[in-house]
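Here the structure is laid out as structure tokens; the discussion comes afterwards.
Please treat every number below as a calculation from the coordinates, not as lab data. On a predicted model such as this, the values are computed, not experimentally measured, just so you know. Counting neighbours? That spans all protein chains shown, and the Cβs are built from the backbone with ideal geometry, glycine included.
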Ligand code: IVH
């Protein structure tokens, strides 16, 4: 294809995808994919200047306002950012900048998270918010004042007696992960369309014509710069601006730092990227800015990007790809989970070829068909998810996906209890090899019996070879049997036997958890262990007694009761004990306070909020409970301590207002460690 043809094609595609994104709120490609097209067009136009026309999408910064909102002409254009994805790009930019400002100038840079939301410009007159506008195409945006007024992190009045007469402040409006998920859950419950991603949610909400709908979609904002000022204030540095914005009670990211050189910037970027998934909101990189505003002015701007700033983009967490098949996986409790097989695609830093579809309702909700193009997302270590189907790309003959009537592994019928999202294979672990293997995997897992070295492949080989049927069989394995397996040498066999032997000494909580009773997670296992004190007492407990255990309702009680009503399950427990598995019985929980005071945190109520980096929140809860604390979901005057990780929001604010003790993660770990 000639450059002229390709340029035409790119313009058509970019206009189309821009329209889908900005006007319809229904993106058909990811931001990263859009950027590739856009960058290619910029490159081709630069190489072939005769092809450049004023109507090219590269000649404006975004998309012109849609109908419905009044137009706002920006007094100063809202520019876009030049970007890089590697250290070389940063070096180059810094060297170029140094050359431009001259040797004598004192050059330092601020590094800040690049919030993945929607840029807005706020105008305050005598401290009062009078106008809020979207960026639009950079020159003209939309007047979204009424919608922006519903955003609680944006002050309607600036606080302080040094607020200039008129000032424009810029920042990014975004939707936090928590708010995004809550919104989608509610939308699901009402049978309404869900949001594709938080940014789409923020953009769509801001551009709602009915402000009550915006208010129902919780948004937040971080302010990151000054547009223009009237009234004498002449700040010298970007850092100083941010400080002032904070004083006026605008929200400014706490993660902004000053660096001197490329090395400092890279170090910042590494730290930021490591925290990316625990921030509680999306960032797509960082922005580096020359700190001195005098130098910023001196450096100036190119047609759409300033010379004094550079965006560093992290790997995209979203991608589009095609669904080439759907498999149904059978879990430990027979649950049938549809899994999408994908054309491999690079996303979130790895190549992905599967994505979970959770349950058949999700398939229906997405209206997913075979051969569909989908948008997928992989953030951190979370399993890749299918976010949306791109209907515009559906092949004409795309077949529907139906729940199989029989288990794909054992052929037993698949049933779905009323009111349950999950369908299950009705065969037991006796008939269904998938359930058997998953049950053994769970039994051996780190948080259960913790048998190091007994991994997925080995369990497959042991079960397929008929060497292990029940958990107790694991404890009868010998070196000769193990050595007969593929890829198993004497040394690894001995190591495994030693690990099996070590696992014999366990705790009652771990043992109960390891049994894999449906709906009995670690926390419930702990409550059962504490309440009953011994395995026999749990086995003999009636349904009614089980319901008196903390946090155990009728459903969980009936699961535990049904589990131990089965002679086979009771025999399995007895077998394991005979095979040598043992634990110290828990000191029985007597509900008088005297006995309770044995534990150091008894009587205290703790609240966990935000993300913890060193352990899953459930683990933190289990550890606190093991020390006698109660872990609650909301903060009140009775709360003893709040542990606040990144992304903490209203609970943290409430704790602050009530004067409740607040610990960050490091302090929390120190408390845990002080109890050994
Ligand atoms: S400064 C002239 N700082 O990124 C540069 N932008 O790709 C003005 N963004 O339109 C932008 N976080 O919507 C700046 N800390 C930050 C930002 C940020 C997110 C967005 C903003 C801008 C886009 C440029």
| note | To the nearest 10 degrees, the tilt of helix 3-18 (Cα long axis) against the first principal axis of the alpha carbons of the chain is 70 degrees
| Zone residues, the range 214-247, relative to residue 126, backbone N less than 15 Å from point 7 Å out along Cα-to-Cβ | 231
| request: Let me know the whole percent of all Cα-Cα pairs from the range 593-676 that are separated by more than 23 Å. | output: 16 percent
| task | Would you kindly state how much longer the chain becomes between residue 9 and residue 656 on full extension, computed as 0.36 nm times their sequence separation minus their alpha carbon distance, in nm to one decimal? | result | 227.4 nm
| How much FRET efficiency would the formula 1/(1 + (r/R0)^6) give for residue 670 and residue 91, where r is the Cβ-Cβ distance and R0 is 35 Å, rounded to 0.05? | 0.35
| note | Here P(r) for the range 311-385, Cα-Cα distances in 5 Å bins, as whole percents, is 3, 16, 26, 23, 17, 9, 4, 2, 1, 0
| request: Could you pull the Cα extents of the chain along its three principal axes, largest to smallest, in whole Å? | output: 82, 66, 51
| remark: Check: C-alpha center the range 385-462 vs C-alpha center the range 1-47, spacing in Å is 40 Å
| When ranked by the protection proxy of mean other Cβ atoms within 10 Å per residue, highest first, what sequence do the peptides 415-427, 102-114, 510-522 form? | 510-522, 102-114, 415-427
| query | How far apart, in nm, are the 7 Å Cα→Cβ label points at residue 492 and residue 294? | reply | 6.7 nm
| query | For the chain, what proportion of DSSP beta bridges, expressed in % and rounded to the nearest 5, is antiparallel? | reply | 80 percent
| remark: Quick calc: nm separation of the 7 Å Cα→Cβ label points for residue 638 and residue 394 -> 5.2 nm
| note | Rounded to the nearest 10, the angle in degrees between the Cα long axis of helix 522-532 and the longest principal axis of the Cα atoms of the chain comes to 40 degrees
| query | So if we plug the beta-carbon distance of residue 324 and residue 165 into 1/(1 + (r/R0)^6) with R0 = 51 Å, what FRET efficiency do we get, rounded to 0.05? | reply | 0.25
| request: Grab the alpha carbons of the range 532-669, take their convex hull, and tell me the volume per residue in Å³. | output: 148 Å³
| remark: Relative contact order as a percentage, the chain, C-alpha pairs under 8 Å and 6+ apart, gives 9 percent
| task | Apply 1/(1 + (r/R0)^6) to the Cβ-Cβ distance of residue 40 and residue 230, taking R0 = 60 Å, and write down the FRET efficiency to the nearest 0.05. | result | 0.90
| query | Expressed in nm², what is the orientationally averaged projection area of the convex hull enclosing the Cα positions of the range 106-192? | reply | 8.7 nm²
| said: Using only the Cα atoms of the range 106-263, what semi-axes does the equivalent ellipsoid have when each is the square root of 5 times a gyration tensor eigenvalue? Give whole Å, largest first. | reply: 29, 19, 13
| Inter-part distance where the range 116-173 and the range 324-356 are each reduced to a Cα centre, Å | 43 Å
| Taking all pairs of distinct alpha-carbon atoms in the range 148-212, Kirkwood radius in angstrom | 14.0 Å
| said: Defining a contact as two alpha carbons under 8 Å apart and six or more residues distant in sequence, what relative contact order in percent does the range 372-495 show? | reply: 11 percent
| task | Would you mind calculating the relative contact order of the range 151-294 from Cα pairs under 8 angstrom and at least 6 residues apart, reporting the percent as a whole number? | result | 34 percent
| said: Taking just the alpha carbons, could you work out the radius of gyration and Dmax for the range 52-133, both in angstroms? | reply: 17.9, 51
